[in-house]
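Undergrad: The structure's right below; bear with me while I get my questions together.
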Number of protein chains: 2
Amino acid sequence: MSDVQTFVRQAADLLGPRGFSCDPDLVEPWLTDWRGRFHGRTIGLASPASTQEVAEFVKLCRKHHIPIVPQGGNSGMVGGATPDESGHSVLLSSRRMDAVRSFDVDARQIVCDAGVILQNLHEKVEEEGLRLPLTLGGKGSATVGGLIATNAGGTQVLRHGTMRAQVLGLEAVLANGDIFESLTALKKDNRGFDLKQLLIGSEGTLGIVTAANLRLLPQIGERVVAWVGVESIHMARELLLHFEACMPEELEGFEVVPDHCLESVLAHLPDARAPLAERYPWNALIELVAAPAQSALLREATEAAFAGAMEKDLLLDAVIAANETQADNFWLLRDSIAPAERALGPAMQHDISVPVERMPDFVEAAIPHVEAQFPGTKGLAFGHLGDGNVHFHVLAPDGAVPGEWENTQGKLVSRVIYEMVTEWGGSISAEHGIGQVKRDELERLGDPVALNMMRSVKAALDPDGLLNPGKLVPGSG
Amino acid sequence: MSDVQTFVRQAADLLGPRGFSCDPDLVEPWLTDWRGRFHGRTIGLASPASTQEVAEFVKLCRKHHIPIVPQGGNSGMVGGATPDESGHSVLLSSRRMDAVRSFDVDARQIVCDAGVILQNLHEKVEEEGLRLPLTLGGKGSATVGGLIATNAGGTQVLRHGTMRAQVLGLEAVLANGDIFESLTALKKDNRGFDLKQLLIGSEGTLGIVTAANLRLLPQIGERVVAWVGVESIHMARELLLHFEACMPEELEGFEVVPDHCLESVLAHLPDARAPLAERYPWNALIELVAAPAQSALLREATEAAFAGAMEKDLLLDAVIAANETQADNFWLLRDSIAPAERALGPAMQHDISVPVERMPDFVEAAIPHVEAQFPGTKGLAFGHLGDGNVHFHVLAPDGAVPGEWENTQGKLVSRVIYEMVTEWGGSISAEHGIGQVKRDELERLGDPVALNMMRSVKAALDPDGLLNPGKLVPGSG
């Protein structure tokens, strides 16, 4: 019996029939990434039911030198949860670990297994008048473990931070099978290196997140959503500063949308209409929220803030959503940009960030730079101005062949954008992580000192390179 | 010429007469820690003038195998910046690196050298209507680099977090002399491990912080300070929850003071008087703040919150400071507890934390536990209830000999307290760090898995053990 066969038998013995399978029908759906860009092979799919089983399974893998690819909801954007094509690794899913371990409503904390799905978590805490202030498109499949491993973002980062800011405590299984348990929330704890911070965002390359203690906030009492027309992205930034100054605690979202994107969305959604009578070069979508106790004053305060902005010439026109339906419609315009632009033809999409204060200059410099280097392309930037997070799309020239352009000129376009964002002190991955997609670019453009540190830490904590090889850390696996 | 003599000559050549000295008169003052509990020896005192000089100096030390003890304001509480008695190491001070590199008022960010003193930083940013929301007793000497290396806390952690939460970017010199530069603030950046988080709180054992980019907030418009009498620490916690629910954005401090501490302070400060007509078993000191735009409503909102608390029987009596002088007086009572208790005789002080929600039970369990095990002692707990951070003092029995009791029974008292806090899922060092003082206790009581990770990371990033040996990481140096 080969070593792999022995491993399979021992894994099945350890995890039982529900916990380990090599059945292609069961395994196959999890071997392709969310965007359909990567397809891998695997020895089998492990679905342990507890942290203890994860630990035992990791020890077994270590004994047989079998690499492990951890997977949550398989909704990542960079192929970070897809095994390579060698078929030598095993897929480790958190799907069976989906229990809430404890929920302290007073302390506003919930401890849950890694496999809990974000939307279920939202529903669970909403029943008690609380909320987890992080949401994103894939919430119906994204798991707590995956959100932590990728330090996920979303639309509420401006006010509440990324997943890192929601994590009060963490449990993970390390490469040697040890269980790192740091679930207890301590607001002050200076007992050495903050190891949980190292695990957050490490994409399963340093440890497998098995549970987390998450901070919760009171539910929103009221929100006010406004759509604003501005002359330029610089004016939008001035408006952002104005709201940060006069409504710092209420400002929950500040998105920018160029007219071209609005145009595409209106063409894409037959029932949609532009929020303002006139059209302006740029639009801002602003969301302000208040706790229940302070809801009464929110609309009044917002109106006062807008009056102040008008006086200072920080906007051309604005409309405050009259009700929740209208508010949802404003957000629908914003959320439909990606599909609307995709409908226009081949495009390269880039999830990048620059310092918030440099974002207007960056956008104004980057678009003509790319369009000049690649005649016929059209650059579009939209997204979270408040976070300095630009979704930078470049549409292919007319007549470009879908599927071909992306792999030829499109790749060159991306190289240029990543070089430019690096020169501006920004990040080639604002939200989605590195995974398989950007590992070469990270190696090419990353700070050699930081890359060196990453490799050292990886080698120290996973000396055999068994955890998610080929992902994130350049030169590993 | 010995190797050390060669090193001294080369260090003097590299850093110049202002940058390197072996003159005992100049060096001696920096060889004793703030509390006077540790005294060390050193080859010499290096005071580089730039990051580049720090990097060159570290390389020189590495060549000669000379350990380096980084030092900021030398106001740490755990001997973390004091060299050992061997005299084999060199002291590296940040004193000459005290420039503000850039200050972006709009973006509310300041980039400054590690040697900038906290109080100077406060004054600098206040000129522009901003504040760094972190302060502590040693602000006149504590440096930015030291605050980051120790992840300092203070009285505003409840609302604004520890130093970690203020750091937007970091620059540090690593053990191999490389400069890790990550000063640019990016709200979203998922390019791998967050290495700056690893450096924060590492007490100079993984790298030497040379500069930081810090987040600033708008200055406070108004504050309201209240003194409240409660029946028990449990009632205080209920009151805290009430304020967290109805004034979540305004609540900036929530301290608890047992009557014994108030009594000691009133005896210690001849001009002080108790804020309330009657005396109660426990007191809470509550601070609420508002931005200038929202100042007008703060007092009214506070009064409404107190009325609600009265109705729910969450307090016995309360007084809101009528003016700033009275507010300062309330805080003076709180800040005088440590000296007032010290004046009563020998005592052991403990900087510990437990989960906020367990703090009332912990205090009620720990005091009788300690007093029963050590007859004649008196346990006192006060401090930051909102952070779960208890200052736990144990007064010696009558007749105990100062200087002797602390080193005999006092040590046993501390062992018992650290064991108990560990059992309760708490931290043996909430604010002050580990340094030399608590390294043995960390080794004895720390999670072996976490200690193992710490040692692995330390060995990976400082394989020769040259950075602050003998501090923090058990078993290193």
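The values are calculated or read from the model by the stated rules, or taken from the named source; none is laboratory data. Everything numeric here is computed off the predicted structure, so don't read it as measured data. When we count neighbours, we look across all protein chains shown, and the Cβ atoms used for this are built from the backbone with ideal geometry, even at glycine.
Undergrad: Cβ contacts < 9 Å: first residue free of Cβ contacts under 8 Å to residues at least 12 places away in the same chain, restricted to the stretch B:27-41; second residue in a loop (DSSP other than H, G, I, E, B) and among the polar types (S, T, N, Q), any location; separation 6+ or different chain. Result?
TA: B:Pro29/B:Asn74
Undergrad: Does B:Ala459 fit the bill of being among the small types (Gly, Ala, Ser), over 30 Å from B:Phe330 (Cβ atoms) and either within 11 Å of chain A (Cβ to nearest Cβ) or part of a helix (DSSP H, G or I) (or both)?
TA: Working: among the small types (Gly, Ala, Ser): yes; over 30 Å from B:Phe330 (Cβ atoms): yes; either within 11 Å of chain A (Cβ to nearest Cβ) or part of a helix (DSSP H, G or I) (or both): yes.
Yes; evaluated as a whole, the condition is true for this residue.
Undergrad: Within the stretch A:160-197, which residues are farther than 30 Å from B:Pro248 by Cβ, hydrophobic (A, V, I, L, M, F, W, C) and within 9 Å of chain B (Cβ to nearest Cβ)?
TA: Once the filter is applied, which keeps residues that are farther than 30 Å from B:Pro248 by Cβ, hydrophobic (A, V, I, L, M, F, W, C) and within 9 Å of chain B (Cβ to nearest Cβ), the stretch A:160-197 yields A:Leu174, A:Ile179, A:Phe180, A:Phe193.
Undergrad: Something else about it: Can you tell me which of (1) in contact (Cβ under 8 Å) with a residue 60 or more places away in the chain; (2) over 16 Å from B:Val224 (Cβ atoms) is the one B:Ile320 doesn't meet?
TA: If we test B:Ile320 against (1) in contact (Cβ under 8 Å) with a residue 60 or more places away in the chain; (2) over 16 Å from B:Val224 (Cβ atoms), just (2) comes out false.
Undergrad: Could we say that A:Gly161 is in contact (Cβ under 8 Å) with a residue 12 or more places away in the chain and either within 30 Å of B:Met359 (Cβ to Cβ) or under 16 Å from the mean Cα position of the chain (by Cα) (or both) here?
TA: So A:Gly161 does not fit the description; no.
Undergrad: Within the stretch B:444-455, count every residue that is surrounded by fewer than 19 Cβ atoms within 10 Å (Cβ to Cβ) and either within 7 Å of another protein chain (Cβ to nearest Cβ) or over 17 Å from B:Gly207 (Cβ atoms) (or both). Before the answer, list the steps.
TA: In the first step, residues of the stretch B:444-455 are kept if they are surrounded by fewer than 19 Cβ atoms within 10 Å (Cβ to Cβ); the result is B:444-445, B:447-449, B:451-452, B:455.
Going one step further and asking which of them are either within 7 Å of another protein chain (Cβ to nearest Cβ) or over 17 Å from B:Gly207 (Cβ atoms) (or both), we end up with B:444-445, B:447-449, B:451-452.
Residues flagged as surrounded by fewer than 19 Cβ atoms within 10 Å (Cβ to Cβ) and either within 7 Å of another protein chain (Cβ to nearest Cβ) or over 17 Å from B:Gly207 (Cβ atoms) (or both) within the stretch B:444-455 amount to 7.
Undergrad: Can you give me the number of residues within the stretch B:412-443 that are within 7 Å of another protein chain (Cβ to nearest Cβ), among the polar types (S, T, N, Q) and closer than 18 Å to B:Leu206 by Cβ? Quick ask: steps written out before the conclusion?
TA: Keep residues of the stretch B:412-443 that are within 7 Å of another protein chain (Cβ to nearest Cβ), which gives B:425-434, B:442.
Cutting the leftovers down to among the polar types (S, T, N, Q) gives us B:427, B:429.
When the remaining residues are screened for being closer than 18 Å to B:Leu206 by Cβ, the result is B:429.
Matching residues across the stretch B:412-443 total 1.
Undergrad: Continuing with the same structure: Looking at A:Gly221, A:Gly201, A:Gly177, which one is surrounded by fewer than 18 Cβ atoms within 10 Å (Cβ to Cβ) and under 30 Å from A:Pro67 (Cα atoms)?
TA: A:Gly177
Undergrad: Separate question: Kindly list the number of the only condition in (1) more than 14 Å from every other protein chain (Cβ to nearest Cβ); (2) free of Cβ contacts under 8 Å to residues at least 60 places away in the same chain; (3) out of contact with any strand residue (DSSP E or B) (no Cβ under 7 Å at 6 or more places or on another chain) that fails for B:Gly115.
TA: (3)
Undergrad: Counting just the residues of the stretch A:249-275 that are of a type outside the set (Gly, Ala, Ser) and surrounded by fewer than 16 Cβ atoms within 10 Å (Cβ to Cβ), which one comes out nearest to A:Asn389 (Cα to Cα)?
TA: As a first pass, look at the stretch A:249-275 and keep what is of a type outside the set (Gly, Ala, Ser): A:249-252, A:254-263, A:265-266, A:268-271, A:273, A:275.
Now narrow it down to the ones that are surrounded by fewer than 16 Cβ atoms within 10 Å (Cβ to Cβ): A:259, A:263, A:269-271, A:273.
Details: A:Asp259: 18, A:Glu263: 22, A:Leu269: 25, A:Pro270: 29, A:Asp271: 29, A:Arg273: 26 Å.
Residue satisfying both the conditions and the ranking: A:Asp259.
Undergrad: Here is a list: A:Val224, A:Val157, A:Val230. Which entry is within 29 Å of A:Pro339 (Cα to Cα) and within 9 Å of chain B (Cβ to nearest Cβ)?
TA: On the way: A:Val224 fails: within 9 Å of chain B (Cβ to nearest Cβ); A:Val230 fails: within 9 Å of chain B (Cβ to nearest Cβ).
Answer to the check: A:Val157.
The rows are residues; the columns are (1) modelled with pLDDT of 95 or more; (2) part of a loop (DSSP other than H, G, I, E, B).
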residue: A:Phe382; (1), (2): no, no
residue: A:Val390; (1), (2): no, no
residue: A:Gly399; (1), (2): no, yes
residue: A:Pro402; (1), (2): no, yes
residue: A:Leu412; (1), (2): yes, no
residue: A:Arg415; (1), (2): yes, no
residue: A:Glu419; (1), (2): yes, no
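Undergrad: Further, regarding this structure: Do you know which residues across the stretch B:351-388 are buried (at least 24 other Cβ atoms within 10 Å of the Cβ) and either within 14 Å of another protein chain (Cβ to nearest Cβ) or out of contact with any helix residue (DSSP H, G or I) (no Cβ under 7 Å at 6 or more places or on another chain) (or both)?
TA: Of everything in the stretch B:351-388, those that are buried (at least 24 other Cβ atoms within 10 Å of the Cβ) and either within 14 Å of another protein chain (Cβ to nearest Cβ) or out of contact with any helix residue (DSSP H, G or I) (no Cβ under 7 Å at 6 or more places or on another chain) (or both) turn out to be B:Ile352, B:Ser353, B:Val354, B:Val356, B:Met359, B:Phe362, B:Gly383, B:His384, B:Leu385, B:Gly386, B:Asp387, B:Gly388.
Undergrad: With respect to the numbered conditions (1) closer than 22 Å to B:Ala307 by Cβ; (2) in contact with a Gly (Cβ under 8 Å, 6 or more places away or on another chain); (3) not in a helix (DSSP H, G or I), which one is the sole condition not fulfilled by B:Phe180?
TA: Unmet for B:Phe180, out of (1) closer than 22 Å to B:Ala307 by Cβ; (2) in contact with a Gly (Cβ under 8 Å, 6 or more places away or on another chain); (3) not in a helix (DSSP H, G or I): (1).
Undergrad: Could you check the stretch B:456-477 and list, in sequence order, the residues that are crowded, with 17+ Cβ neighbours inside 10 Å and at positive phi?
TA: B:Gly465, B:Asn468, B:Gly470, B:Leu472, B:Gly477
Undergrad: Give the stretch B:127-166 a look and list any residue that's hydrophobic (A, V, I, L, M, F, W, C) and closer than 18 Å to B:His432 by Cα, or say none. Explain how you work it out, then say what you get.
TA: From the stretch B:127-166, those hydrophobic (A, V, I, L, M, F, W, C) are B:130, B:132, B:134, B:136, B:142, B:144, B:147-149, B:152, B:157-158, B:163, B:165; that's our starting set.
Once the filter is applied, which keeps residues that are hydrophobic (A, V, I, L, M, F, W, C) and closer than 18 Å to B:His432 by Cα, the stretch B:127-166 yields B:Leu134, B:Leu136, B:Ala142, B:Val144, B:Leu147, B:Ile148, B:Ala149, B:Ala152, B:Val157, B:Leu158, B:Met163, B:Ala165.
Undergrad: Related question: Inspect all residues belonging to the stretch A:348-358 and state whether any of them is more than 26 Å from B:Leu183 (Cα to Cα) and in contact (Cβ under 8 Å) with a residue 60 or more places away in the chain. Before you say what the answer is, go through the steps one by one.
TA: Taking the stretch A:348-358 as the starting set, the residues that turn out to be more than 26 Å from B:Leu183 (Cα to Cα) are A:348-349.
Narrowing further to those that are in contact (Cβ under 8 Å) with a residue 60 or more places away in the chain: A:348.
Among the residues of the stretch A:348-358, at least one is more than 26 Å from B:Leu183 (Cα to Cα) and in contact (Cβ under 8 Å) with a residue 60 or more places away in the chain, which makes the answer yes.
Undergrad: I would also like to ask the following. Being in a strand (DSSP E or B) and at pLDDT 95 or above is the filter here; which residues of the stretch B:223-242 pass it?
TA: Within the stretch B:223-242, the first condition is being in a strand (DSSP E or B), and the residues that meet it are B:223-230.
Within the stretch B:223-242, B:Val224, B:Val225, B:Ala226, B:Trp227, B:Val228, B:Gly229, B:Val230 qualify.
Undergrad: Considering each of A:Leu276, A:Leu298, A:Leu239, A:Leu269 in turn, give the residue that is more than 25 Å from the chain's Cα centre (by Cα) and free of Cβ contacts under 8 Å to residues at least 60 places away in the same chain. Before you say what the answer is, go through the steps one by one.
TA: Numbers: A:Leu298 fails: free of Cβ contacts under 8 Å to residues at least 60 places away in the same chain; A:Leu239 fails: free of Cβ contacts under 8 Å to residues at least 60 places away in the same chain; A:Leu269 fails: free of Cβ contacts under 8 Å to residues at least 60 places away in the same chain.
The match here is A:Leu276.
Undergrad: So the check is Cβ under 7 Å with 6+ separation or different chains; which pairs have a first residue in the stretch A:51-62 that's within 15 Å of A:Phe180 (Cβ to Cβ) and a second one that's surrounded by 24 or more Cβ atoms within 10 Å (Cβ to Cβ) and not aliphatic (A, V, I, L, M)?
TA: A:Thr51/A:Glu171; A:Thr51/A:Thr210; A:Val54/A:Pro48; A:Val54/A:Thr210
Undergrad: Something else about it: For the stretch A:251-357, give me every one of the helices (runs of 4 or more DSSP H) that falls completely inside it and has 3 or more residues that are touching a strand residue (DSSP E or B) at 6+ places or on another chain (Cβ under 7 Å).
TA: Values: elements: A:259-268, A:298-311, A:324-335, A:337-342.
Fully inside the stretch A:251-357 and qualifying: A:259-268, A:298-311, A:324-335.
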